[in-house]
1. For the stretch 139-190, run through the chymotrypsin sites (Phe, Trp or Tyr not before Pro) and keep only the ones in DSSP coil with at most 13 other Cβ atoms within 10 Å of their Cβ.
2. With 5 Å bins from zero, work out the P(r) of the stretch 98-204 over every alpha carbon pair and list the percent per bin.
3. For all pairs of alpha-carbon atoms in the stretch 21-177, what percent lies in each bin of width 10 Å, listed from the first bin to the last filled one?
4. Leaving ligands, DNA and RNA out of it, rank ARG95, ARG331 by accessible area with a 1.4 Å probe, largest first.
5. Could you give the nm distance between label points at HIS132 and GLU191, where each point is 7 Å from its Cα heading toward the beta carbon?
6. Do the alpha carbons of any pairs in LYS105/LYS263; LYS141/LYS247; LYS96/LYS247 sit beyond 19 Å of each other, and which pairs?
7. When the chain is fully extended, how far beyond the present Cα-Cα distance does HIS268 get from LYS154, taking 0.36 nm per residue of separation?
8. Hey, any idea what % of the stretch 155-253's accessible area is carbon plus sulfur with a 1.4 Å probe?
Amino acid sequence: AAFQKIGIEGELLDITAPTEEQMDQLNGRLVHKGWILVWMDNAMTPLSHADSNLLKLSPGRFLHPNVKYAMYLEPYFASSPNIEDITFLVSEMSRKKSSNSHNKKLTWRDDTKSRRATLLTAQLETSTDPSHHTSLYDATKLMTKDMGGDPNKKEKGPSPTRQQRMFYERIISVVNKADLRSTFEPVRRYEIKNYNYIKSGWLLHDMTLNKARHLRCEWYEEHSRWESNLDQLTFAHIMASGELERKFVLDEPDDNVLAAMPKETDAHEWHELLYEGEAAEYEREHYKRKSLEEDVENHEELEDTLEDGEKDSTVRFCARVVSGDVIREERKLWTHIQNSRNKQKKAKK
């Protein structure tokens, strides 16, 4: 009777063996643990490597244009977040510049810049010693273990993950080669650091920014070149190559100077991304100078493609890889603020 109320006709529905017609009628009308169940034709056919990563890394086409944030959870993730968890994570997608950046209670926070995250995810726990650098080889094993795989399992034949890792290791040895460099040239290296390694069991995407879309597309395109199942490894490379480009474009301090700077705050967890205009200006000055008319036209085209929030040059757009220690402190602070607001609302009533 319950099924007849929603328009399912025919013989009495047998849950263990519904007819094909009844299956079609039930499609998109059943809910399981808060999820609407939808089944597709040929759903049992294995997806290609590129297709299987599309929903996770570049979900824009799957969602309505009005969607602001999208969260992806891997099947192996331990538990589903509740509304409070998601609300907290969304609040971590931006941080305003604060004049009270030296607050002794918020020692982990860097409030010297206004930042907005295009992507939020968790940092892979690599070592208890912050000064210890985790190699790509060891990080790959940790990523495999985090996904529930056997890091010591040897695959038959050439492994796509191994090929991808060795390719990135080759980039390090070639790009950082100093034989032909001038001693007066600033030292800028391609480095995959511990805070580039992520646990991609969950991802929170900003669906409103073009910059976020560009990052997702870059990640997806790079990962689609490999048959590897470690998108975390691809992300580490994207962050490292982007950081190297940013160092040149923004003329950041020498790597040796940066290494000597203390990392007492979470500033290094906000991976700053270049504005399209910054990269274009660098290319124009160093490679091919364009006419003033072309420059104006390109600038106007860029302005037309930017969202309102992206035209504010005081805000730096980042990919945020938050560590366990920081997210615990941030959750305590957020909970304290929420409790204070609730008390104020009750007091007004």
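1. Qualifying residues, ordered by number: PHE184.
2. 2, 9, 13, 15, 17, 16, 12, 9, 6, 2, 1, 0
3. Per 10 Å bin, starting at 0, the Cα pair percentages come out as 7, 20, 31, 26, 12, 4, 0.
4. ARG331, ARG95
5. Modelled inter-label distance: 1.9 nm.
6. LYS141/LYS247; LYS96/LYS247
7. Values: separation 114, 0.36 × 114 = 41.04 nm, distance 3.45 nm.
Computed gain between HIS268 and LYS154 is 37.6 nm.
8. 53 percent
The values are calculated or read from the model by the stated rules, or taken from the named source; none is laboratory data. Predicted model only: the values in this text are computed from it and were never measured. No Cβ is skipped: glycine too gets one built from the backbone with ideal geometry, and neighbour counts run over all protein chains shown. Just the protein is used for accessible areas: all its heavy atoms, side chains included, with ligands, DNA and RNA removed. Shrake-Rupley method; radii C 1.70, N 1.55, O 1.52, S 1.80 Å.
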